[in-house]
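Worksheet for the structure shown next.
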């Protein structure tokens, strides 16, 4: 059975998932034709992959931390 600390650390990743979903939806919204002539839309769309890559790095760091704490609890 998983401990409460492990479950709590897994629940921390849910906001990261929600932010990723919002970024994908926002990216599709910004690609609408009404934003084609806006400079900020181009820069925002260019930054989206880097933001999502940063979210992946944060998620991996949280997963590694969770794995290390679960190993210490089992010892």
Conditions: (1) loosely packed, with under 12 Cβ neighbours inside 10 Å; (2) at pLDDT below 90; (3) closer than 21 Å to residue 61 by Cβ. Residue 18 meets all but one. Number of the miss?
-> (2)
In region 66-75, the residues that are assigned to a helix (DSSP H, G or I) and either free of Cβ contacts under 8 Å to residues at least 24 places away in the same chain or touching a helix residue (DSSP H, G or I) at 6+ places or on another chain (Cβ under 6 Å) (or both) | 66, 67, 68, 70, 71, 72, 74
Where residue 63 falls short, out of the listed (1) under 18 Å from residue 15 (Cβ atoms); (2) modelled with pLDDT under 90; (3) touching a helix residue (DSSP H, G or I) at 6+ places or on another chain (Cβ under 7 Å) = (3)
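In region 31-46, which residues are within 19 Å of the chain's Cα centre (by Cα) and surrounded by 10 or more Cβ atoms within 10 Å (Cβ to Cβ)? Steps first, please.
Taking region 31-46 as the starting set, the residues that turn out to be within 19 Å of the chain's Cα centre (by Cα) are 44-46.
Residues satisfying the conditions are 44, 45.
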If you check residue 63 against the conditions, is it surrounded by 13 or more Cβ atoms within 10 Å (Cβ to Cβ), closer than 30 Å to residue 6 by Cα and over 9 Å from the mean Cα position of the chain (by Cα)?
-> yes
Based on what the data block shows, is residue 50 out of contact with any strand residue (DSSP E or B) (no Cβ under 7 Å at 6 or more places or on another chain), part of a helix (DSSP H, G or I) and surrounded by 10 or more Cβ atoms within 10 Å (Cβ to Cβ)?
-> no
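The values are calculated or read from the model by the stated rules, or taken from the named source; none is laboratory data. Because the structure is predicted, anything quoted here is derived from the model rather than measured. Note that we place each Cβ from the backbone using ideal geometry, even for glycine, and neighbour counts take in every protein chain shown.
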